[in-house]
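The values are calculated or read from the model by the stated rules, or taken from the named source; none is laboratory data. Everything numeric in this text was worked out from a predicted model, so none of it was measured. Don't worry about glycine lacking a Cβ; one is built from the backbone with ideal geometry, like all the others, and counts go over all protein chains shown. Side chains included, ligands, DNA and RNA excluded: accessible areas come from the protein's heavy atoms. Shrake-Rupley method; radii C 1.70, N 1.55, O 1.52, S 1.80 Å.
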Amino acid sequence: MLVEEIMNTSVPTLTPTHTINDALLLLKAKRIRHIPIINANKEVLGVVTDRDLKKATPSTLLNTNNPEVYELPLEKIMTKNPIVGHPLDFLEETATIFYDNRIGCLPIVSQGKLVGMITESDLLYKFIELTGAHQPGSQIEVRVPNKPGVLFEVSKVFYEQKVNVLSVLVYPDKANEDYKILVLRVKTMNPLKLIEALQADGFEVLWPNHPGKIL
């Protein structure tokens, strides 16, 4: 999946000469947490977040009045030269950028101009969709040999049981590199017959490991 498939293309923006007060009003009006700072050519110069604004403004717990703070230009507090992405970047690689750099948003740039933005919330929701966790169903974990064709062998069991698979994830088996862990989300609330069929074909079902006790 590409970034352009999930990015928000209607991105509220401000310029470096806008004030802290302008940013606070925009965050409240749009219910957002991140604002790309651009110039007249839509080039990304920086990013201002709700955290930046909280650090720059007096705490509501303090008995102080400093209205000049709210008139400071955003260029004084913005994160300059932020990390940016491209619409044709892969979503998995983009998630790694978020994780490695501990960022909450990523402006998306094409031909030097801002064309969209994605946030950590966008990524989280998309991965929920991809795993099928938002749909009614059951999760099954199966340990399989790390060899070509094993996914086809497992999928035959699902086909024979007429059970629809919502998603498949593959993890390495930390205990033995000769095996993989398949995590399958299936469209059934009672996977007992499916588990029995998998076990009858010689597959090791890790979860649910005691289906009769939890169903």
> Of the residues 30, 76, which single one is over 30 Å from residue 129 (Cβ atoms) and of a type in the set (D, E, K, R)?
Replying inline: 76
>> Within region 19-34, take every residue that is among the β-branched types (Val, Ile, Thr) and in contact (Cβ under 8 Å) with a residue 24 or more places away in the chain and give me the one that is farthest from residue 119 (Cα to Cα).
In response: 19
>> I'm trying to understand the selection: among the residues of region 6-18, which are open to solvent by less than 50 Å² (accessible area, probe 1.4 Å) and either more than 16 Å from residue 112 (Cβ to Cβ) or modelled with pLDDT under 95 (or both)?
In response: 6, 7, 12, 14, 15, 16
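Of 80, 76, 55, 28, which residue is modelled with pLDDT under 95, among the charged types (D, E, K, R) and open to solvent by 30 Å² or more (accessible area, probe 1.4 Å)? Write out each step before concluding.
Details: 80 fails: modelled with pLDDT under 95; 76 fails: modelled with pLDDT under 95; 28 fails: modelled with pLDDT under 95.
Only one candidate passes the filter, namely 55.
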> Is it the case that region 2-18 has a residue that's closer than 23 Å to residue 98 by Cα, in contact (Cβ under 8 Å) with a residue 60 or more places away in the chain, touching a Ser or Thr at 6+ places or on another chain (Cβ under 6 Å) and in a helix (DSSP H, G or I)?
Replying inline: yes
